[in-house]
1. I need the phi-derived Karplus couplings for the range 43-50: 6.51 cos²θ - 1.76 cosθ + 1.60, θ = phi - 60°, integer Hz, Gly and Pro marked x.
2. Given labels modelled 7 Å from the Cα in the Cβ direction, how far is it in nm from LEU33 to ALA106?
3. Can you list the residues, at least 5 places off or on another chain, whose amide H is less than 5 Å from the amide H of VAL72, using H built in the peptide plane?
4. Per residue of the range 92-97, in order, report the coupling 6.51 cos²θ - 1.76 cosθ + 1.60 (Karplus, θ = phi - 60°) as ³J(HN,Hα) in whole Hz, putting x for Gly and Pro.
Amino acid sequence: MAETGSGRRRYARLTLKEPMRDPRSEQHEVRILELSLGGARVEHTTILRPGGAHRLHLPLGSRPVAIQCFVVWSEAKGRAKGEPRGMPLRFYSGLEFRNLTPEVQALLTAYLQAEGLLAADAEDTR
């Protein structure tokens, strides 16, 4: 989700009404809060270091789609309201998608179109 020199985002973002969960994340919770053709904003319970490479699994079709992504930024946000002190911290991170296959690009585009973010003939919003 890189920004251009003018301060505008390269891709339009979809803020999800209900966060998606990474269905393959078994060891820690990962919730997808925003999604675009270029990346995602996620909430999670483990530290992700900027520059690190990860796989995000999105439930975009009949099976989760694995997307290679890189952490652009990450910050701790504390514990959710009402959580006891022993509960893990919550983190928010910005992930940039890289090397999307044509199949994954098509699934992601179709999902964003179905959610009304993209016009039916659009591939990105540059």
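Throughout, read-outs are computed from the coordinates displayed, never taken from laboratory work. Here the structure is a predicted model, which means the values were calculated and not measured. A quick note on method: Cβ atoms are made from the backbone with ideal geometry, for glycine too, and the neighbour counts reach across all protein chains shown.
1. 10, 7, 10, 10, 6, 10, 8, x
2. Output for this residue pair reads 3.3 nm.
3. GLY51, GLY94, LEU95, GLU96
4. For the range 92-97, the Karplus curve yields 10, 9, x, 10, 9, 7 Hz.
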